[in-house]
Amino acid sequence: MVGQQGVRYTISLIATHFGDVVAKVCECLIRRGSLSFMEVVRFTELHKGQVKDCLLVLIQHNCVQAFSIPKTVGMGGATKPVTLYMAIFDNIIHRMRFSKFLQIVKEHLGNQCAELLEGFLQHGRLTFELLYDRASGLSGGKAKRDDVLATFNKLVHAHYLERCPKGDPFLESDANDEVSFVRKRTRSGEKTWTIEQEAIIAAAPSDADRFSGILNLMMDTEADIKHIKNDSSLEVSAGNKRKHEALEAEEEIQNTINTIDVLWRANYEKFVQCLKKKTCVANVRSRFGLDAAIVLEAMIESSDHQNARTMNSVSSSMSSIIESVRGKPGGLSMTLEHVRTILEQLECQVCTEETGALYTVGLKDIIENCQNDEVESLVFKKYGKESYRIFRLLIKMGQLVPMDQISDKTFLEKKEAQKILCKLWKDDYLDMEKVNLNVRGRSEVFLWKVNKKVLWELVLNDMFHTALNISQKIAQVNEEFLLSNADVQKLERLRRARLILESSLLKLDDAIMLFHDF
């Protein structure tokens, strides 16, 4: 669950990129959940035409997803499809990471692929024709169609680009489930999904279609049109059943999102996966050295995970690890025994199968270690060395600890330890429990621990608050920059200030991803 500061920050991002009116519609969807077109009009008090344009902008840039559900109307119990619009919080937050995404592609596939990806990051969903027109315009008409197609296919095959999901998936109701369209669906033996999660799943194309690329432009056009028509046949037929008095603005939205043209977009999941790999490798490098980082990177790359949040561990055979290690700088000198030693150092679990032994390393543990380091660093900067020692002890023990034991292990006086514990408790960094016992003549004993779930949410909310403040300061510096054309020294000072602020925001985002995306 994202806190209020996270919501404020996402709204600020939308306002910066698209203006206050679009941000107002987006805020309505984030705070109130999935809404119909007329509900958005009513809650925002905007003109229907404005709401229509705002929703189209948000859909174009992958910030909003439409979906339809059946709704019972009238006394006879007849049903009709109703289109709802939901804001996708994660996709909005990813807008601050576009520079990181471009750097990933530049390092992996080169400048040409990065330039092509930039078009999707700037304009959201594009057909290949629009992408080629953009490339041709930037090159002054010198871009060759085959070259652009080859570069495009590189991005698709590397999973940096994907086909867009269905524009308006229809969620079928279950006749035996009377509460199938309340906010959460619960069935015996099944995982609980929100309607919004079901809509995302229903809209997603299969992996075969998602990363199929374009083999031949002329042949592909007809096949893709047929594919899109088949995918959207349900939505179109459902739309035809609507009454003629349906709003013209909403019909235009439907026509736009159900276009027969094949649309492509940046695959954010792939980029988050790359950034998670980078974080894990950096942490292992700092703790175990360069060789351990090379082996971990080889294991991650040889796995087939696509979703960063479900990539809690990776498994690979020794032959796959060695093959990947040998392809990296410094990997040729690593012997088989040395790799085995590193796998033991990483506490890999070994599972024997018919195809051979599989080595599994827990990325979740590495990320938790990164989170602990981040919060410990925060406590050190905010409260000092003694508070850091107490907090780190409680993090490592992971259970309720009496104050006497805390004082003994941290070599602090009991009064000083009690003062620090109370301060951390008041700021919600610690949990405290009072137990009535007769121990050494005392009737009460205070026990202390770190409640990670609660604390991590608090830290994340504070990080979003800080990110909002930095982004507002950047906007202020940019405004001053535009008003200081004549003062060269002031321009240089503002330029340096902006670079420092932007660098700080990117570094802060690395920490935000630890607690929100990984």
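In this entry, Val339 is excluded by the filter for residues that are over 30 Å from Ile93 (Cβ atoms), in a helix (DSSP H, G or I) and in contact with a Gly (Cβ under 6 Å, 6 or more places away or on another chain). Contact map, the stretch 416-444: residues that are within 18 Å of Leu400 (Cβ to Cβ) paired with residues that are loosely packed, with under 11 Cβ neighbours inside 10 Å and at pLDDT below 75, Cβ distance under 7 Å, separation 6+ or inter-chain. Pairs shown: Asn436/Ser443.
Take the conditions open to solvent by less than 30 Å² (accessible area, probe 1.4 Å) and at pLDDT 95 or above and apply them to Leu58. Does it pass? Criteria met by Leu58. Do you know which residues across the stretch 471-504 are touching a Leu at 6+ places or on another chain (Cβ under 9 Å), among the basic types (Lys, Arg) and exposed (fewer than 15 other Cβ atoms within 10 Å of the Cβ)? Once the filter is applied, which keeps residues that are touching a Leu at 6+ places or on another chain (Cβ under 9 Å), among the basic types (Lys, Arg) and exposed (fewer than 15 other Cβ atoms within 10 Å of the Cβ), the stretch 471-504 yields nothing. Could you tell me which residue of the stretch 90-115 is least open to solvent (accessible area, probe 1.4 Å), considering only residues that are out of contact with any helix residue (DSSP H, G or I) (no Cβ under 6 Å at 6 or more places or on another chain) and over 17 Å from Lys276 (Cα atoms)? Ranking the candidates gives Gly110 first. Restricting attention to the stretch 404-420, does a residue exist that is buried (at least 16 other Cβ atoms within 10 Å of the Cβ) and in contact with a Phe, Trp or Tyr (Cβ under 6 Å, 6 or more places away or on another chain)? No - not one qualifying residue is present in the stretch 404-420.
Candidates Val73, Val82, Val22, Val2: the one that is modelled with pLDDT of 95 or more and more than 30 Å from Lys154 (Cα to Cα) is Val22. Within the stretch 327-344, being of a type in the set (Val, Ile, Thr) and open to solvent by less than 30 Å² (accessible area, probe 1.4 Å) holds for Val339, Ile342. If you go through the stretch 18-44 and keep only what is of a type in the set (Phe, Trp, Tyr) and in contact with an Asp or Glu (Cβ under 9 Å, 6 or more places away or on another chain), you end up with just Phe37. Counting the residues of the stretch 363-403 that are open to solvent by 70 Å² or more (accessible area, probe 1.4 Å) and either of a type in the set (Phe, Trp, Tyr) or over 29 Å from the mean Cα position of the chain (by Cα) (or both) gives 5.
Okay, residues lined up against (1) at pLDDT 90 or above; (2) in contact with a Lys or Arg (Cβ under 7 Å, 6 or more places away or on another chain); (3) open to solvent by 20 Å² or more (accessible area, probe 1.4 Å); (4) farther than 30 Å from Thr79 by Cα:
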site: Thr221; (1), (2), (3), (4): no, no, yes, yes
site: Lys226; (1), (2), (3), (4): no, no, yes, no
site: Ile253; (1), (2), (3), (4): no, yes, no, no
site: Trp264; (1), (2), (3), (4): yes, yes, no, yes
site: Asn267; (1), (2), (3), (4): yes, no, no, yes
site: Ala282; (1), (2), (3), (4): yes, no, yes, yes
site: Arg285; (1), (2), (3), (4): yes, no, yes, yes
site: Leu290; (1), (2), (3), (4): yes, no, yes, yes
site: Ile294; (1), (2), (3), (4): yes, yes, no, yes
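Could we say that Lys449 is closer than 20 Å to Val379 by Cα and open to solvent by 80 Å² or more (accessible area, probe 1.4 Å) here? Judged against the criteria, Lys449 is not a match. Selection of the stretch 402-431 for residues being touching a strand residue (DSSP E or B) at 6+ places or on another chain (Cβ under 6 Å) and at pLDDT 90 or above yields Leu421, Trp425, Leu430, Asp431.
The values are calculated or read from the model by the stated rules, or taken from the named source; none is laboratory data. Keep in mind that this is a model prediction, so the values were computed, not measured. Note: ideal-geometry Cβ built from the backbone for every residue, glycine included; neighbour counts use all protein chains shown. We work out accessible area using only protein heavy atoms, side chains counted, and drop any ligands, DNA or RNA first. Shrake-Rupley method; radii C 1.70, N 1.55, O 1.52, S 1.80 Å.
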